[in-house]
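Everything on this sheet refers to the single structure shown next.
Please treat every number below as a calculation from the coordinates, not as lab data. Keep in mind the model is a prediction, meaning the values are calculated, not measured. In this analysis, Cβ positions are derived from the backbone assuming ideal geometry, glycine residues included, and neighbour counts consider all displayed protein chains.
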Amino acid sequence: MGFLKEFKDFAMRGNVVDMAVGVVIGGAFGKIVTSLVNDVFMPIVGLAVGGVDFTSLFVQLGDFDKKYETLEAAKEAGVATLNYGNFLQVTFDFIIVAFCIFLFIKLINSLKKKEEAAPAAPPAPSKEEVLLTEIRDLLKNK
């Protein structure tokens, strides 16, 4: 029974729960950013570089007697390919996801700084300070 209690204490500790929430939110955020990359940014980048679809870029590594025009045709024929376009796509995804997360963390940190920057009311003087202030004022008046 001690093992189960120890596991429960571990699983219910604040850090583990916070991390689990972060992973779930991060996964959802990743899907949003992936859609942003694939559906918004990559068509613009493809248009800027002449209408190239990065995911279809490949180098044929076998069966050099026949040239395959598309990656799908080479895969159907069972030819080995080096899919560098896919690598470029995933690299762009990573850079944009990392940049979006950077901006999100920067926003959170700026909100925390604003919250911390709000001046707190000075603490009320202690009884000793009040008494000493009264004594000082009495001595000044004499």
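Farthest toward the dipole's positive end in the chain, which of THR133, MET42, TYR68, given Cβ charges of +1 (Lys, Arg) and -1 (Asp, Glu) about the Cα centre?
Result: THR133, furthest along the dipole toward the positive end.
Take the alpha carbon atoms of the range 3-67, find their center, do the same for the range 78-142, and report the distance between the two centers in whole angstrom.
28 Å
Below 8 Å, C-alpha to C-alpha, sequence gap of six or more: please give me the relative contact order for the chain in percent. Spell out each step's value before the answer.
On the way: 66 pairs, mean separation 26.0, N = 142.
Averaging sequence separation for qualifying contacts and normalising by length gives 18 percent for the chain.
The range 69-142: which GluC sites (Glu not before Pro) are DSSP loop and have at most 13 other beta-carbon atoms within 10 angstrom?
Values: sites: GLU69, GLU72, GLU76, GLU115, GLU116, GLU128, GLU129, GLU134; in loops: GLU69.
Passing sites in the range 69-142 are GLU69.
In nm, give the distance between the simple-model label positions of ASN15 and ILE95, each being 7 Å from the Cα along the Cα-to-Cβ direction.
Using points 7 Å along Cα→Cβ, the separation is 3.5 nm.
With a cap of 12 neighbouring Cβ atoms within 10 Å, and only residues DSSP puts in a loop, list the trypsin sites (Lys or Arg not before Pro) found in the range 54-120. Mind dumping the intermediate values first?
Values: sites: LYS66, LYS67, LYS75, LYS106, LYS112, LYS113, LYS114; in loops: LYS66, LYS67.
Hits after loop and neighbour filter: LYS66, LYS67.
Assuming 0.36 nm per residue, please report the length gained on full extension of the stretch SER126 to ASN83 beyond their Cα-Cα distance. List each step's numbers first, then the result.
Details: separation 43, 0.36 × 43 = 15.48 nm, distance 7.26 nm.
This chain segment gains 8.2 nm when fully extended.
List the DSSP H helices in the chain whose Cα atoms stretch 18 Å or more along the helix axis and whose mean Kyte-Doolittle hydropathy is at least 1.0. Write out the running numbers ahead of the final one.
On the way: long enough: 14-36 (32 Å, 1.39); 84-117 (49 Å, 0.86); 127-141 (21 Å, -0.44).
Helix filter hits for the chain: 14-36.
How big is the charge dipole of the range 2-141 about its Cα centre, in debye rounded to the nearest 20, if each Lys and Arg gets +1 on its Cβ and each Asp and Glu gets -1 on its Cβ?
Values: 14 positive and 17 negative charges, 91 e Å.
That gives the range 2-141 a dipole magnitude of about 440 debye.
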